[in-house]
Amino acid sequence: MSDEVIERAEQVADERLDVDEYYTDVERRAVLLVENEVKRRRARLRLRWRATEA
């Protein structure tokens, strides 16, 4: 293989790693957002439940 082909293959591999890291980060943030939303909704439901008990 020529040096150009090897360099291009390395560049493509690096770009794929960057994309994988980006999507991993996006997935992590999405999970955190969902977890926070679940906590918020549960807290709101607890407040409503307590209000109906009183």
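When region 1-13 is filtered for residues that are among the charged types (D, E, K, R) and surrounded by 10 or more Cβ atoms within 10 Å (Cβ to Cβ), the ones remaining, listed by number, are E7, R8, E10. Against the definition (modelled with pLDDT of 85 or more and open to solvent by less than 100 Å² (accessible area, probe 1.4 Å)), how does E37 come out, yes or no? Yes; evaluated as a whole, the condition is true for this residue.
Report yes if E53 is among the charged types (D, E, K, R) and modelled with pLDDT under 85, otherwise no. Against the criterion (among the charged types (D, E, K, R) and modelled with pLDDT under 85), E53 qualifies.
The values are calculated or read from the model by the stated rules, or taken from the named source; none is laboratory data. What you see is a predicted model, and the numbers here were worked out from it, not measured in a lab. Glycine also receives a Cβ, built like all others from the backbone with ideal geometry; neighbour counts cover every protein chain displayed. Calculation scope for accessible area: heavy atoms of the full protein, side chains included, ligands and nucleic acids excluded. Shrake-Rupley method; radii C 1.70, N 1.55, O 1.52, S 1.80 Å.
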